[in-house]
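The values are calculated or read from the model by the stated rules, or taken from the named source; none is laboratory data. Here the structure is a predicted model, which means the values were calculated and not measured. Note: ideal-geometry Cβ built from the backbone for every residue, glycine included; neighbour counts use all protein chains shown.
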Amino acid sequence: MSEHRATIRWAHTSGAFLKGQYSREHTWSFDGGMTIPASPSPSAVPKPYCNEASVDPEEAFVASIASCHMLTYLFYAYREGIEVTRYEDDAVGVMTKNEQGVPWVSSVVLRPRIAYAGGKRPAPDVEARLHHLAHEQCFIANSVKTDITVAAATDE
């Protein structure tokens, strides 16, 4: 099929590493040339050892789920002749502890707001079917055990 690569880079620049007093800031580089500053979330690692302005892995996880759902939804809408003019999603991931007490992103709620050409919103059952197909066929959703739900609201 295909491979997808990311290069993660971190270097110790200052602080007492063996005392845990070091920056966790790092970068993610992708094959297209984009490099993104990354850091743990301040909820996981206190300042000054993180940078809340950078993308953290949990945010990236939620964004990848939401992005995959959107791209798959757009594909199925196009295939059915439904013209989408805007798609926005305020996705939220929730971390809880599993049976072993280890934190994990246990659920992600997608809240897409979709606008259609000429205000021609599809019937609610059609829109629900498109979201179901998008969830069923999303590569990322099929790769994780996180509970993913769609609480769709449509703008017109």
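A quick yes/no check of all residues on (1) of a type in the set (F, W, Y); (2) under 28 Å from D56 (Cα atoms):
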| residue | (1), (2) |
| --- | --- |
| M70 | no, yes |
| W104 | yes, yes |
| P112 | no, yes |
| P124 | no, no |
| A134 | no, yes |
| Q137 | no, yes |
| T149 | no, yes |
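Report yes if Y76 is over 15 Å from T149 (Cβ atoms), modelled with pLDDT of 95 or more, touching a helix residue (DSSP H, G or I) at 6+ places or on another chain (Cβ under 7 Å) and in a strand (DSSP E or B), otherwise no.
Against the criterion (over 15 Å from T149 (Cβ atoms), modelled with pLDDT of 95 or more, touching a helix residue (DSSP H, G or I) at 6+ places or on another chain (Cβ under 7 Å) and in a strand (DSSP E or B)), Y76 does not qualify.
State which residue is surrounded by the fewest Cβ atoms within 10 Å (Cβ to Cβ) when the search covers only region 83-134 and only residues that are within 29 Å of K145 (Cβ to Cβ) and of a type in the set (G, A, S).
G101
Confirm whether S43 is surrounded by 11 or more Cβ atoms within 10 Å (Cβ to Cβ), of a type in the set (S, T, Y), more than 30 Å from G119 (Cβ to Cβ) and within 16 Å of the chain's Cα centre (by Cα).
no
From the list L133, L110, pick out the single residue that is at negative phi, of a type in the set (A, V, I, L, M), touching a Phe, Trp or Tyr at 6+ places or on another chain (Cβ under 7 Å) and modelled with pLDDT of 95 or more.
Going through L133, L110 in turn, the sole match is L133.
Look through region 10-37, keep the residues that are polar (S, T, N, Q) and exposed (fewer than 13 other Cβ atoms within 10 Å of the Cβ), and return whichever of them is nearest to E59 (Cα to Cα).
Here the residue is T35.
More than 22 Å from T149 (Cα to Cα), at pLDDT 95 or above and more than 17 Å from the chain's Cα centre (by Cα), is that true of I36?
no
Among (1) under 18 Å from the mean Cα position of the chain (by Cα); (2) closer than 30 Å to R121 by Cα; (3) hydrophobic (A, V, I, L, M, F, W, C), there is one condition I82 misses while meeting the rest; what is its number?
For I82, the exception is condition (1).
Scan A60, A53 and give me the residue that is aliphatic (A, V, I, L, M), in a loop (DSSP other than H, G, I, E, B) and either closer than 30 Å to A11 by Cβ or assigned by TED's automatic domain parsing to the domain that holds S2 (or both).
Going through A60, A53 in turn, just one is aliphatic (A, V, I, L, M), in a loop (DSSP other than H, G, I, E, B) and either closer than 30 Å to A11 by Cβ or assigned by TED's automatic domain parsing to the domain that holds S2 (or both): A53.
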